[in-house]
Amino acid sequence: YILSCDTEVSMPGSPGMHPCVVPGPASPIPRCTYAHAQALWWVRSRFQKHVACARKPGILLDHCQTISKRDKSSGQILLSSVHRALQRGMLGIAGLASVILLSGASPAHAVNKNQLLYLEAWKAVDRAYVDKTFNGQNWYKIRESLLQSESFGDREQAYAAIRKLLGTLGDPFTRHLGPDQYEALKRASSGQLSGIGVEVGLRSDPGSATGRAEVLSVVPGGPADRAGVAAGDTIMSIDGRETGGLSLYSIGALLQGETGSGVEAEVQTSRGRRVLSLQRERLVVTPVQYQACGGERGVAYLRIAAFNQQTGKQSGEALTKLAAGSPSLLVMDLRNNGGGVFAQGVAVAQQLLAEGTEVVLIADSEGVRERYEAEGGAMLDEKVPLIVLVNSRTASAAEVLAGAVQDSGRGRLAGARTFGKGVVQTLTPLSDGSALAVTVARYQTPAGRDINRVGIAPDVEADLDGVPDNAAGFCALARAGKLPGALLDGMSRGGGATPALAQLPR
C-alpha cells in the first residue's frame, strides 16, 4: 500500500534510503486509514486483483511482509523483506511518494466497479488537465475525500461523484457525459443526427454551462420547421423535463433519439407557449451554405453554422465555386456558431490565409507548445475583401477562425463581441461507455491574445439582428440594398483590419 507521507523507511542491508522512498522528517509513523491507502493503490498500481491490509502491522502484496522493528524515536521501520515488485518500482512512485506500512488498519473490503470508474475518471483528468494546480487545490485530497464521503452503490451514484469531482475545478467545459450524451455528441460531430431539426444554444452569461435553450436555427423541411418553430424561440421543456439548468449536451441528448420515435416539446414563441408533439427523423446536417448574391457590389455569401467533421470539406468546395465567379467581396457569417471540432476551424482558416500565416497558438500550463500555420495557399484571391460576421454566440472554433482573420489583417470582423471560449477539450472514453470532456489546452490568437472569458471585439460594431443568417435571405437583403449602414461601411473598407480587443473584467 502506498501513501504520500513524511515518514522514512529504511531497508535492511541497504546503506541508505530505498530508491522508492522520499526522505521526510523523523517522526512516528502515523496511523493511515485503509480508504486513503486503497485509493492510492488502485490509482497508482496496475494490479488488477485486490490486496488486503492486515490487522497486524505490515503490508500485503502477494505475500505479507511483517515489520521486524519499529523505532518510534527515529521514525524508522525495518522490514524483514520487501516484495520484488516494489523493488522494481512497479508501483510507479520512485522519487515521488513514501512507502507506508499500515499499522493497526481495519480489514479491507474489495473496491467495487463503481469506485473503479470514479478513480478512472480522476486519473484521466490528472493526466490531461491543463491547469496542473487543479484550481489551486490538492487533487489527491479531493479524490480521497469524495471516495470516502460519497456512495458508490450503483452507476448513477458513481456519476454523481464524478460530477462533484469535476465541479471542484470551476471549469464548466470539463464535464462528464453519460453514454447517451456521448453517443449524441459523436453523431453531431459526424453531421448525422436523428432528431427534430433544430440547432440549440444556451442564452446565458459567458462561462456558464447552463441556461435557457434557445433555437438558433432550424433545418429546412425538418419536423420543427414544419411545426412552425423558428430561430429565437425558446424550448422550455422536453418530454416534461424543464431545460432550465441543463447543459447543452443534456438538452441535445433529450432532443435526439431513434428515428421514428416521438418527443413532446414545450416552446415559447413571440406569440405564446405551444406544446408540440414531434416525430424524430434522420437528418444530415449541412454546416455550410453559400451563394453568389450578385448585384452592384458583387457580394458572395458564405455561412458556416457549425464545425463538424464535414465543415472543412464543404467550405473548400464552396470557396472554389465562389472564387470561379470572381466576387468583389466575400461575407463569411459566423453568427450563432458555437464551435465544434477545433481542427475544422483551423482548416477553414487555412483556406483563407496565405501559406505560412499563423492561424492559432496552443498553450498549456507551461506556455505555448504548438503553432498552427496556413498550408497550401489561400483558395480565394487575397485581394478580395473579406468581412466576417460575429455575435455574442460566436464561440470556440469559430473564434479561432475569426481571430486568425483579424490578426492576419486578411479581413474585418463586423457585429458584436464574441463569446470568449478560448479553451480546447478532448473526449476521453471511460470503460462503461460514458466519457469525459477535459480541458487540455488554451489557445491564443496569432497576436498572442488570450480571449477566454473576454471574447474578440469586432472592427465594426453593427446591429445585425435583422440580417438573415442564411444564404437566400442575406442575398435578398443585399440585392435590395437594405443591409445595415455600419455593415456597408465595413464592406467599403474591406480587409486590412487592425487587430482590436478591448479587455473586460474576468
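We did not get these values from a lab; they are worked out from the coordinates using the rules stated. Since this is a predicted model, take the numbers as computed values, not measurements. Methodologically, a virtual Cβ is constructed for each residue, glycine included, from the backbone with ideal geometry; neighbour enumeration extends over all protein chains shown.
Calculate, in nm to one decimal, what Asp432 and Ser190 gain on full extension: separation in residues at 0.36 nm each, minus their alpha carbon distance.
Extra length from Asp432 to Ser190 when fully extended: 84.9 nm.
Can you give me the long-range amide H partners of Gly294? Hydrogens built in the peptide plane at 1.01 Å from N, cutoff under 5 Å, separation of 5 or more residues or another chain.
Those qualifying (amide H under 5 Å, at least 5 residues apart or on another chain) are Val299.
Could you give the alpha-carbon Rg of the range 113-170 over 2.2 N^0.38 Å, rounded to two decimals?
1.05
List the residues whose amide H sits under 5 Å from the amide H of Met236, counting only those 5 or more places along or on another chain, with H placed 1.01 Å from N in the peptide plane.
Close amide H contacts, sequence-distant or interchain: Glu266, Val267, Gln268.
Please compute, over every Cα-Cα pair in the range 288-493, the percentage with a separation greater than 21 angstrom.
Of the Cα pairs, 50 percent sit more than 21 Å apart.
Using the Kirkwood formula on the Cα atoms of the range 233-282, what hydrodynamic radius do you get, in angstrom to one decimal?
Result for the range 233-282 stands at 11.3 Å.
Need one number: the % of Cα-Cα pairs in the range 342-435 sitting beyond the 21 Å mark.
In whole percent, the share of Cα-Cα pairs in the range 342-435 beyond 21 Å is 39.
Filter Lys113/Lys164; Lys123/Lys313; Lys132/Lys164; Lys132/Lys421 down to the pairs with a C-alpha to C-alpha distance above 24 Å, please.
Lys123/Lys313
Between the DSSP loop rule and a limit of at most 16 other Cβ atoms within 10 Å, which GluC sites (Glu not before Pro) in the range 366-425 are left?
Answer by residue number: Glu366, Glu375, Glu382.
For Val218, list long-range residues whose amide hydrogen, built 1.01 Å from N in the peptide plane, is under 5 Å from its own amide hydrogen.
Glu199, Ala231
What does the charge add up to near Val198, with Lys and Arg as +1, Asp and Glu as -1, over the other residues with Cβ less than 9 Å from its Cβ?
Its environment carries a net charge of -3.
At 7 Å along Cα-to-Cβ for each site, give me the label-to-label distance between Glu382 and Glu296 in nm.
Roughly 3.1 nm, to one decimal.
Of the peptides 311-322, 328-339, how do they stack up when ordered by the mean number of other Cβ atoms within 10 Å, highest first?
328-339, 311-322
Net charge near Thr394, counting Lys/Arg +1 and Asp/Glu -1 over other residues with Cβ under 13 Å of its Cβ?
Charge balance in the 13 Å sphere: +2.
What is the spin-label model distance, in nm, from Arg226 to Ser326 if the labels are put 7 Å beyond Cα along the C-beta direction?
Once both label points are built, they end up 4.5 nm from each other.
Using only alpha-carbon positions, what ratio does the radius of gyration of the range 192-284 give when scaled by 2.2 N^0.38 Å?
That works out to 0.99 for the range 192-284.
How long is the gain from Arg369 to Arg271 if the chain were fully straight, where each residue apart is worth 0.36 nm and the alpha carbon distance is subtracted?
The Arg369-Arg271 span can extend by a further 30.1 nm.
Around Val218, what is the net charge, scoring Lys/Arg as +1 and Asp/Glu as -1 over all other residues with Cβ under 11 Å from its Cβ?
The answer is -2.
When ranked by the protection proxy of mean other Cβ atoms within 10 Å per residue, highest first, what sequence do the peptides 430-436, 250-256 form?
Those peptides, ordered most packed to least, come out 250-256, 430-436.
About its Cα centre, what dipole magnitude does the range 149-258 give when the only charges are +1 on Lys and Arg Cβ and -1 on Asp and Glu Cβ, stated in debye to the nearest 20?
I would put it at about 140 debye.
Would you kindly derive the ³J(HN,Hα) couplings of the range 368-377 from the backbone phi angles with the Karplus curve 6.51 cos²θ - 1.76 cosθ + 1.60 (θ = phi - 60°), listing them in order in whole Hz, with x for Gly and Pro?
In residue order, the calculated couplings are 5, 10, 7, 10, 9, 10, 5, 10, x, x Hz.
Any chance you could check the Cα centroid distance between the range 389-460 and the range 278-324 for me, in angstrom?
First find each Cα centre; the distance between them is then 20 Å.
At R0 = 41 Å, how high is the FRET efficiency between Ala343 and Asn112 if r is their beta carbon distance? Nearest 0.05 is fine.
Result of the calculation: an efficiency of 0.60.
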